[in-house]
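Asker: Dropping the structure in here first, questions after.
Rule-based calculations on the coordinates, nothing more; no lab input. From a predicted model like this one, the values you see are computed outputs, not experimental measurements. No Cβ is skipped: glycine too gets one built from the backbone with ideal geometry, and neighbour counts run over all protein chains shown.
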Ligand code: PLP
Ligand code: CA
C-alpha cells in the first residue's frame, strides 16, 4: 500500500485496503453513532463487512454501559452485533483487574452501575456506586469509615462524582498496596453544536491530584483494549484496521498496536489536526497521524456493495 500517511481513502484504494485486512476495530461515538443516532450508512457498512467475512469489533472508552447494553443499543440502531464483539471500558477494566492485576479484594468504585455489573460478572465486589453525600465535620473526613477489604480504587464515568467520593478515594489510595486504575482519560465529551461536557479524564485527574499518584488506564490509547480483543478472537495485527474519530485515543491505539489506521471526520478530530501532528517533526506525535481518512465510514459502502 502507499507509503505516505494521512491519505484520503477513496476509489480503488478502499477495496485495496479492505482486501488487506481480516479484522476491523471501530470506535463507537463519532464513528458508528453520535449520541443516540447511527451515522447514516454505518449499520450497512458494519453488516456488509461481516457478510464479506471480516471480523468486526467495537472498542469504546465510554464506561457507562455494559457489553449487553451496547449490544442492545446497536441492535436498535440496525447493527448486526453480538455482545462478545463489544469491548467497552467497563468490561475491559473488570478484565484488567482480574487478569493483569489479579486483584484479590474489593474495589472502591467511582463509576456507573454498569461498571458494578461488569465487575461482579468477573467475581469482583465493589463499594461506592451511587451518591456519597458529605456528612460530619471536616476534621473527621480523613477518618471516614473504610471497607478493609478494598484493595483497589477504580475511576470511571460517574455522574454522582462528589467531594466525598474524592476524599474517600484519597483515604483508600494512601493505604499500603492499594491499586489505582482509571477507565480512560478523555477530558471532554463533545455534543452537537460544538458543545461539550466534562469526561472521565477530569474526574481521574481530580483523584490523581488529591492522591498524588498516577493511575493505570485501561482505555484507548492503552494497548490493553486491543489485547482483550486479540486474545479472545486471535486477531492478526498485520491484517487489522482501527477506525476512529480521535487522534489521541483511537489512532494512537492503532499505532501503539501496529494496526492500519483510518480517521473518520464525523467526530472530534480534523485533517488539519492530523497534518499538524505530521508536520510537527515530533516523533511521539507521529502516532497520531492516521494512514488514511474518510469523511464518513459510509465512504466504504461502494467498495462493499460492488
Ligand atoms: N466516555 C463517556 C462517558 C462518553 O459518554 C463517551 C462518548 O459518548 C466517551 C467516553 C467516548 O466514547 P468513544 O470511545 O466511543 O468515542
Ligand atoms: Ca469516538
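Asker: Can you tell me which condition residue 287 does not meet? The list is (1) in contact with a helix residue (DSSP H, G or I) (Cβ under 6 Å, 6 or more places away or on another chain); (2) within 16 Å of ligand 1 (Cβ to nearest atom), and all the others hold.
Answerer: All conditions are met except number (2).
Asker: When the residues of the range 226-282 are filtered to those that are surrounded by fewer than 18 Cβ atoms within 10 Å (Cβ to Cβ) and within 16 Å of ligand 1 (Cβ to nearest atom), which remaining residue is farthest from residue 196 (Cα to Cα)?
Answerer: 256
One line per residue, one yes/no per condition, for (1) farther than 30 Å from residue 245 by Cα; (2) in contact (Cβ under 8 Å) with a residue 40 or more places away in the chain; (3) surrounded by fewer than 18 Cβ atoms within 10 Å (Cβ to Cβ):
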{"position": "128", "(1), (2), (3)": "yes, yes, no"}
{"position": "131", "(1), (2), (3)": "yes, no, yes"}
{"position": "135", "(1), (2), (3)": "yes, no, yes"}
{"position": "138", "(1), (2), (3)": "yes, no, yes"}
{"position": "144", "(1), (2), (3)": "yes, no, yes"}
{"position": "149", "(1), (2), (3)": "yes, yes, yes"}
{"position": "154", "(1), (2), (3)": "no, yes, no"}
{"position": "168", "(1), (2), (3)": "yes, yes, no"}
{"position": "182", "(1), (2), (3)": "no, no, no"}
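Asker: Continuing with this model, one more query. Considering only residues that are assigned to a loop (DSSP other than H, G, I, E, B) and within 15 Å of ligand 1 (Cβ to nearest atom), which ones fall in the range 199-214?
Answerer: Selection gives 199 alone.
Asker: Within the range 239-263, which residues are more than 14 Å from ligand 2 (Cβ to nearest atom) and part of a loop (DSSP other than H, G, I, E, B)?
Answerer: 257, 258, 259
Asker: Kindly indicate whether any position in the range 51-59 is part of a helix (DSSP H, G or I) and either within 13 Å of the chain's Cα centre (by Cα) or more than 16 Å from ligand 1 (Cβ to nearest atom) (or both). Break it down stepwise before answering.
Answerer: Let us first name the residues in the range 51-59 that are part of a helix (DSSP H, G or I), namely 51.
Restricting the remaining residues to those that are either within 13 Å of the chain's Cα centre (by Cα) or more than 16 Å from ligand 1 (Cβ to nearest atom) (or both) gives 51.
Looking for residues that are part of a helix (DSSP H, G or I) and either within 13 Å of the chain's Cα centre (by Cα) or more than 16 Å from ligand 1 (Cβ to nearest atom) (or both), one finds at least one in the range 51-59, hence yes.
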